[in-house]
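For reference, the structure discussed in these notes is given below.
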Ligand code: ADP
């Protein structure tokens, strides 16, 4: 089973076309925005130092929230790759703190933490290179195995290790300026050595984005690619386009940094909500289908009762008659034998009904065979002959000898015909005047397949009820169950066919069954 099916998570779901299109538009917007910044990049933004804390706070909150969400995702998926990415965002979020606290002019003229000239730049350098390195780890770590065994310890270890690395870097940067690489000439301007940092970061971002795109083709991977693209733009602006700290290019780079930090957060939040929405909808659909299954179960049990009731009533009547013949002063054994034979026949009929009802609800193509509908009509008429005779119904058949055979379950199809004949008998039973004619017709329709028509001269269909005939439990008969037509239709539809009822002029009803070619 593919991972995406086992865990429909952002880190495993492949992106759809809309998501990929959105990401590509964002890449384009990033490129355009970078080009637009270039002409004014070297202009200073005077007095913008106090904005640094606001920017740092936004970055801190965004990175930490992303880290929390990614750690939560790690806990579910037990993925080493996502764990590395979560640690990356935690690292970025935590390094913002010492960076802002040491930034000259942010909280105080020399920074809150008393560092030398190189301290803030050293922290910035680790942050700048850190994110693409973590992203590379996300791209390269192997996730094919069984996943992290002790996920709680792994997450705790990763959080503690990241805090330790950031604390160590900060202590190193604050401790002694002489040990640090020479990144700054003065508080505003950088040395050529500094240019290596954004250069390397830009290179790592491009390599990282390509690897993530190749190896982690998921919704999360897509947005990490965008974050790396923003990181690339930020690095280029900071390293090669701006004129040192607090210039237009520097601030533009900062905004890209914020964008890079929030893009994965926004994606995580919005895609999680979308997944949640889908989950809610699928739970509702599952509940609906469970209710529908329950209704089917009720219909099934009721239909068994309905179908078996008739032969049972007939068996009781025959048994009572038999007893009466035996109770006579001179028991009539011949009549008793006839009554017993009727009971045996009814018993067989009930057995066939039970088998038929059971198969009616068994979907699929099991027990399918080639069926000659003309022969089936004769069999069904034979089965109902007693009722037809008792109710003095004239039977007329017009069977098309060229009718092609269909593929189906003969027991089910015969059950349909018997049900329709029983309905016709009931409808004609209520007619006191006029002919009682049951007509069964088969014909080959133009589009192929076969049509069976059951026509009667009964009471006909009340237009008020026309729409409700196939509803479960709809009946106009005092002892009806209202399931016969429903079962007939579901059997015919399970065969890929159609069943319809209509009124007939001058009187009666017509039922038409269309079955597809075999
Ligand atoms: P039941 O026979 O238990 O009532 P059905 O589903 O077979 O349930 O039929 C539902 C209703 O459709 C019947 O009660 C009857 O009103 C109507 N109906 C079915 N067949 C015919 C027919 N041939 N002529 C007139 N009405 C019919």
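Every number in this text was worked out from the coordinates using simple rules, so none of it is lab data. Keep in mind that this is a model prediction, so the values were computed, not measured. All Cβ positions, glycine included, derive from the backbone under ideal geometry; neighbour counts span all protein chains shown.
Taking the chain as the reference, fit the longest principal axis to its C-alpha atoms, fit the long axis of helix 151-175 to the helix C-alpha atoms, and give the angle between the two in degrees, 0 to 90, nearest 10.
Once rounded, one gets 20 degrees.
So between residue 142 and residue 430, what do we pick up on full extension, going 0.36 nm a residue minus the alpha carbon distance?
Going from the current span to full extension adds 95.9 nm.
For region 25-138, report the % of Cα-Cα distances exceeding 20 Å.
So the pairs more than 20 Å apart make up 56 percent of the total in region 25-138.
Given a Förster distance of 30 angstrom, what is the FRET efficiency for residue 31 paired with residue 270, based on the Cβ-Cβ distance and rounded to 0.05?
The computed FRET efficiency comes out at 0.85.
Taking only C-alpha pairs under 8 Å that are 6+ residues apart, what is the relative contact order of the chain in percent?
This gives 12 percent for the chain.
So what are region 69-218's ellipsoid semi-axes, whole angstrom, largest first, if each one is the square root of 5 times an eigenvalue of the alpha-carbon gyration tensor?
After diagonalising the Cα gyration tensor, the semi-axes are 32, 18, 11 Å.
So for region 126-251, averaging the separation of alpha carbon pairs under 8 Å that are six or more residues apart and normalising by length, what relative contact order in percent results?
Once divided by the residue count of region 126-251, the mean separation gives 31 percent.
7 Å from Cα along Cα→Cβ at both residue 332 and residue 179: what's the point-to-point distance in nm?
12.0 nm
For labels at residue 348 and residue 379 in the simple 7 Å Cα→Cβ model, what's the distance in nm?
If labels sit at residue 348 and residue 379, their model points lie 1.3 nm apart.
For region 364-500, calculate the relative contact order in percent as a whole number, restricting contacts to Cα pairs under 8 Å that are 6 or more residues apart.
With pairs under 8 Å counted, the relative contact order is 24 percent.
Please label the shape of region 393-498 as rounded, prolate or oblate, based on the square roots a ≥ b ≥ c of the eigenvalues of the alpha-carbon gyration tensor (a/c under 1.5 means rounded; beyond that, a/b larger than b/c means prolate, else oblate).
Oblate, since a/c reaches 1.5 and b/c is not below a/b.
So the label point goes 7 Å from the Cα of residue 72 along Cα→C-beta, right? Which residues of region 216-241 then have their backbone N under 18 Å from it?
219-221
Tilt of helix 373-383 relative to the longest C-alpha principal axis of the chain, in degrees (0 to 90, nearest 10)?
The helix 373-383 is inclined about 60 degrees to the chain.
Between residue 407 and residue 207, take the C-beta separation as r, use R0 = 56 Å, and let me know the FRET efficiency to the nearest 0.05.
Calculated transfer efficiency: 0.40.
Report, in degrees rounded to the nearest 10, the 0 to 90 angle that the Cα long axis of helix 17-37 makes with the longest principal axis of the chain.
Helix 17-37 sits roughly 20 degrees off the main axis of the chain.
How much mean residue ellipticity at 222 nm does the chain get from its helices, if each DSSP H run of length 4 or more adds -39500 (n - 2.57) and you divide by all residues, to the nearest 500 deg cm²/dmol?
Calculated at 222 nm, the ellipticity per residue is -21500 deg cm²/dmol.
Kindly state, to the nearest 0.05, the FRET efficiency for residue 196 paired with residue 38, given R0 = 22 Å and r defined as their beta-carbon distance.
Taking R0 as 22 Å, the efficiency between residue 196 and residue 38 is 0.55.
Report the semi-axes of the equivalent ellipsoid for region 119-162 in whole Å, largest first, where each axis is √(5λ) for an eigenvalue λ of the Cα gyration tensor.
27, 15, 4
Using 0.36 nm per residue of separation minus the Cα-Cα distance, give me the extension gain between residue 355 and residue 167 in nm, one decimal.
Contour length minus Cα-Cα distance gives 60.0 nm.
At 0.36 nm per residue, and after removing the present C-alpha to C-alpha distance, how many nm does the segment from residue 215 to residue 372 gain when stretched out fully?
50.7 nm
What whole number of Å gives the distance from the Cα centroid of region 202-271 to the Cα centroid of region 138-164?
After rounding, the separation between the Cα centres reads 23 Å.
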